[in-house]
Amino acid sequence: MAEFVLEMTNIYKSFSENCVLSDVNLSLQKGEIRALIGENGAGKSTLMNILGGVLNADSGSLFIAGEEVLICNPSAAKDLGIAFIHQELTLVNDLTVSENLFLGSEIRKKSGLLNINEMCRQSREVLKRLQVDLEPKTMVRSLDASYKQIVEIAKAIRSNARIIIMDEPTTALSNVEIENLFKVMRTLKDQGVSIIFISHKLQEVLTICDTYSILKDGVLVASGNFEEDKLTEAEMARLMVNVKRQEAFRSDDKEIGEIILEVEDYSLRKHFSNIDFSVRRGEILGFTGLLGDGRSELFQSIFGALKGATGTIRLNGKALNIRSTKDALASGIGYVPRNRKENGIIKDLSITQNLTITALTNFKHKLLLNHKREKQACDLHKNNLRIKMKNGKELITCLSGGNQQKVILGRWLEADPAILILDNPTQGVDVGAKQDIYSIIFELSMRGVSIIVLSNEANEVIRLCDRIHVMYHGSIAGELTHENASEESIMLLATGAGECATRNIA
Amino acid sequence: MKKLKDLNYRESWNNIWANYSVGVIFFFIFTLSIVVKGKHFLTLNNIINILRNNSIIGIIALGMTFIIASGGIDLSVGSQLVATGTIIILILESLSGLVPPLVCIALALLGGLTMGISLGFVNGLLITQGRIPPFIVTLGTMNVFRSVSQHFMRGGGFTTRNTDYIGIANYKLFGVIPLPILYFVALTVIMHVVSKHTRFGRFVYATGSNEKATKLSGINVNRVKLFTYALMGFLVALAAIVETSRMGSINPTSSANYYEMDAIAAAVIGGASMSGGKGLIVGTFFGVLTIGLINNMMTLVGVPPFLVSAMKGTIIVLAVLLQKKETEQ
């Protein structure tokens, strides 16, 4: 019988009258990687916040290494060897790796000055334990996303964490970076550290995790061992999803019209060069590649949010000069940005206000806004986009990630653009909401809206798009159609292994 | 079950507190004033005095609420007022005798409003086109505006003898209510409507809350900010008209000192957040009255004159401390 490093039994928690966790059990053995999965709002974060000492359970018990404990605040959790790595990293960009590792627990000499050498030595030891080659004096700012995650893990290990909670660590990582992270996770597992891994990417879960716990509406619906149960991705999704939802299907018999947007010889120093492409009416065009391939910058330039790009853009055959996002909106181009929290939601405004902000002119009567019409629009989108919410007057921050994304999508639907650019539209969105967003995309394209989807998930663009452009180092490395695209062919182009990829920028 | 009820109760209380804390603070101090100094405090004369004395700061604080809600700050409003007031008095005096007094007043008002809006535009342009933080820009213009005005006035003050102009702020409606109070109340109502019921108002709060997201929603955030500072300049010009009319003079050295601080304090007590996106006009209205009450009470109670500012400062910080405690939960 293996020893349990953690047992949570009969956990209950409710906010006001909403019961978010009811009778949840979770256990963790030494050196086990357990997947904690479920839709947004299923209670994963609440459960982990209870373990991390951020929230207190209404009832239930917690055992660490067989002893019952009370975790009433985050520092108590830390003392018990529990480390919580949040989705938003807590590293200080302007400090070095070792300064970050020792932040708040610096080693001092007798004189009271910092003992930098000792801290660097210990940092090197920790990094060696994780088998990563990283110099402690590197600035964190200069590290790529996966190494930042690894520094965060190193920080946990340095403070002797035995249980590490990782909340969607891979959302901002490219495939290569994810492999890096997984390597470190396996090393830790071999050293007897236990990990709770929260992710929406079921494929990853199957790759890295030994066991699983699935939450649905605050109830543990399944848990077990992947090897014994032979659980597949589809079965997992079925267990997680609330209502039985129809999978969104692309329809092949839709009409693709004339060329609507043409981009020629479009360049922006340091980001992309000599981009040529065109979109037709009702077409779904995909752009994919590795992180930092310049596709976000490309479309932010087209949308007028980035300045300085050269080249020609033609809309319906006429040359277009977009100098601001307002010009883009006026020309019928919409853009749903990536990183919802930074670029999408306006946190002090209500759900309704977030929804109507782009097309606010439509809600104006003479000088004043018509609040009633705004409310009607909100109710309409609530139904059409299946937004789970109580009252449009609530702040948008009350919604879960998937529902926030739908509101931001609705913001642009209200503006009725002819071309809609979606940058990572399903980032941090649960399985159910993902299907909803896919259906909306298909429906829009049936209505003749041209849609450009940017995504770093190959299977997403394959599933959605009629044509796919793969980018590598700021250039279009190749074009694939829905029929001949595969994850392998995309990967080949995205990593620069394809034959066209030689013309990258200097 | 009992626990659940407690939680609900606390949540709704928090909600009320978050939205109306300034009102609660105001009525607390108001009641305290009645209890402590009821006889002297609760006279029509004294109440009208408080309102009149704070209407100038009040008009500025309304604009400041928009500035802070848009994520900015304007330290130059006192200097803007001095510069605008200087122009007004200069026009009044140089044209007096040449044109009829009423034409003279019209030209002076026009000159003042143009000046105010222009100064606001200068701030706005430096912030949006020069990409300099508002704090730095207005710290600079604060010095420039006042210093240039002092130079024009050769360090001294200037008086007007135009009695019609002086009537703008000194006439009393029904012989009781001084006009500045009406200006302040009317502007409060107008600014409240602008903040809640116009596109511009919505954009101001959106810009302050998340500038990047607002820009990516197809909104020209630079124009929003530019208009916000110009609106501030316009309101400062109105305040300058009231100030010069009431005093019949302007002195670039001694007029409008620390107005920016009082205006910021009123907005912040009213619930405006220095990080932008938050701040109600109604809150600022009560913020202005709260500061006015505090000033008045300290005079009535007889706090030593040099300690008045210390008391005021303490109460401002305490008021905001109380709000923060509850809203952050």
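The label point for residue B:274 and the one for residue B:47, both projected 7 Å from the Cα toward the Cβ, are 3.5 nm apart. In region B:98-164, the C-alpha radius of gyration followed by the widest Cα-Cα span (Dmax) gives 15.7, 45 angstrom.
Note that region A:4-240 carries a Kirkwood radius of 18.5 Å, evaluated over its alpha carbons pair by pair.
In chain B, the calculated helix contribution to ellipticity at 222 nm averages -26500 deg cm²/dmol per residue, counting -39,500 (n - 2.57) for every DSSP H run with n ≥ 4.
Note on A:322-328: average number of Cβ atoms from other chains within 10 Å of each residue's Cβ is 4. Sort chain B into rounded, prolate or oblate with this rule: let a ≥ b ≥ c be the square roots of the eigenvalues of the Cα gyration tensor; rounded if a/c is under 1.5, and if a/c is not under 1.5, prolate when a/b is larger than b/c, oblate otherwise. Cα axes put chain B in the oblate bin. Within chain A, DSSP assigns beta bridges of which about 55% are antiparallel (rounded to the nearest 5).
Taking the fewest neighbouring Cβ atoms within 10 Å as the starting point, the ordered list for A:158, B:161 is B:161, A:158. Counted by neighbouring Cβ atoms within 10 Å, the residues A:466, A:229 run from fewest to most as A:229, A:466. The order of B:249, B:254, going from fewest to most other C-beta atoms within 10 Å of their C-beta, is B:254, B:249. With N counted as the residues of chain A, its alpha-carbon radius of gyration over 2.2 N^0.38 Å works out to 1.04. Considering helices alone, the calculated mean residue ellipticity of chain A at 222 nm is -9000 deg cm²/dmol, with DSSP H runs of length four and up weighted by -39500 (n - 2.57) and normalised per residue.
Phi angles across region A:111-118 convert, under the Karplus curve 6.51 cos²θ - 1.76 cosθ + 1.60 with θ = phi - 60°, into 3J(HN,Hα) values of 5, x, 7, 5, 9, 5, 4, 5 Hz, Gly and Pro given as x.
Every number here is computed from the coordinates shown, using simple stated rules; none is lab data. If you're wondering where the values come from, they're calculated on a predicted model, not measured in any experiment. Ideal geometry is used to build each Cβ from the backbone, glycine not excepted, and the neighbour counts take in all protein chains shown.
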